[in-house]
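K.L.:
The following block contains the structure, expressed as structure tokens.
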Amino acid sequence: MLIHGSLDRMAGMALLAREIAPVARVLRFDRRGYGDSWGHPGPFTARENARDLEMLLGGRRAILIGHSFGGNVALLTAELLGDQILGVSTYETPLSWLPIWPEETAGGRAVSVGAETAAEEFMVALIGRDKWDALPERTQRARRREGPALVGELSDLRMGAPWDASRVTCRVLAGHGTKARDHHVGGARWIVDNVERAEIAVLEGAGHGAPISHPAQFTAMLVTPHLGATRES
């Protein structure tokens, strides 16, 4: 199960899905508030996202791969569903409730300006004003209308930890790229230090957008190890 991050959609996981498809069944979806689910009324908390995931799984066992905010959804789902979840991988997942997390991040700026302009603020912080301005108007409109979901889920992370590290019992691979910002590196290491069966995975040459820029390496380091362990068991 591929779980996309904030201000993204299942299309952002398409290259990753293509890498995995020859060896495993892949499910991806637009989380509440994004893509085809943009009209969802909310709430946009990690817990409600996890409940959506539980419904989609329908009792099936699964490996959860979460990019950015999707990693929090994956870890919370693993806590809630226990042995049904065979493994989790996170990639540069925001741990915004921790003291180590800086206030001046793309997410922090988006939350501070409110839902109407949050999406544009977030995108400009990530890709720069020139690239944002170069996007087609329809793409800009689609992103702006996802502002409520963005603010809702990022505000939720600032209210407190959405998952309990001591209650995540499956194997966890916590990833970041060599081009990651310091707080994303620190977040991955925090997961390794606090989740009993967690291990670090570092993607050479990758930044935050690794599911798009490095899908083969992402699969090799954050997906394939779970598949091998599952088959051996």
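The values are calculated or read from the model by the stated rules, or taken from the named source; none is laboratory data. Not measured: the values here are computed from a predicted model. Note that we place each Cβ from the backbone using ideal geometry, even for glycine, and neighbour counts take in every protein chain shown.
K.L.:
Among ALA21, ALA106, ALA46, ALA118, which is the only one that is of a type outside the set (S, T, N, Q), surrounded by 14 or more Cβ atoms within 10 Å (Cβ to Cβ), modelled with pLDDT of 95 or more and at negative phi? Steps first, answer last, please.
P.N.:
Details: ALA21 fails: surrounded by 14 or more Cβ atoms within 10 Å (Cβ to Cβ); ALA106 fails: modelled with pLDDT of 95 or more; ALA118 fails: modelled with pLDDT of 95 or more.
ALA46 is the lone residue from the list that is of a type outside the set (S, T, N, Q), surrounded by 14 or more Cβ atoms within 10 Å (Cβ to Cβ), modelled with pLDDT of 95 or more and at negative phi.
K.L.:
Please tell me if ARG31 is crowded, with 24+ Cβ neighbours inside 10 Å and of a type in the set (Lys, Arg). I'd like the intermediate steps shown before the answer.
P.N.:
Numbers: crowded, with 24+ Cβ neighbours inside 10 Å: yes; of a type in the set (Lys, Arg): yes.
Criteria met by ARG31.
K.L.:
Which residue is modelled with the lowest pLDDT, if the candidates are limited to the stretch 146-189 and must be of a type in the set (D, E, K, R), surrounded by fewer than 21 Cβ atoms within 10 Å (Cβ to Cβ) and not in a loop (DSSP other than H, G, I, E, B)?
P.N.:
From the stretch 146-189, those of a type in the set (D, E, K, R) are 146, 153, 156, 158, 164, 167, 171, 179, 181-182, 189; that's our starting set.
Narrowing further to those that are surrounded by fewer than 21 Cβ atoms within 10 Å (Cβ to Cβ): 158, 164, 167, 179, 181-182, 189.
With not in a loop (DSSP other than H, G, I, E, B) added as a condition, the list becomes 158, 167, 182, 189.
Numbers: ARG158: 92, ARG167: 98, ASP182: 95, ARG189: 98.
Residue satisfying both the conditions and the ranking: ARG158.
K.L.:
Could you grab me the full set of residues in the stretch 1-14 that are among the hydrophobic types (A, V, I, L, M, F, W, C) and surrounded by 17 or more Cβ atoms within 10 Å (Cβ to Cβ)?
P.N.:
The first filter runs over the stretch 1-14 and keeps only residues among the hydrophobic types (A, V, I, L, M, F, W, C), leaving 1-3, 7, 10-11, 13-14.
Hits for the stretch 1-14 are MET1, LEU2, ILE3, LEU7, MET10, MET13.
K.L.:
A further question on this structure: Test SER112 against the stated conditions and say whether it is more than 18 Å from PRO43 (Cα to Cα) and in a helix (DSSP H, G or I).
P.N.:
Working: more than 18 Å from PRO43 (Cα to Cα): yes; in a helix (DSSP H, G or I): yes.
Answer is yes for this residue.
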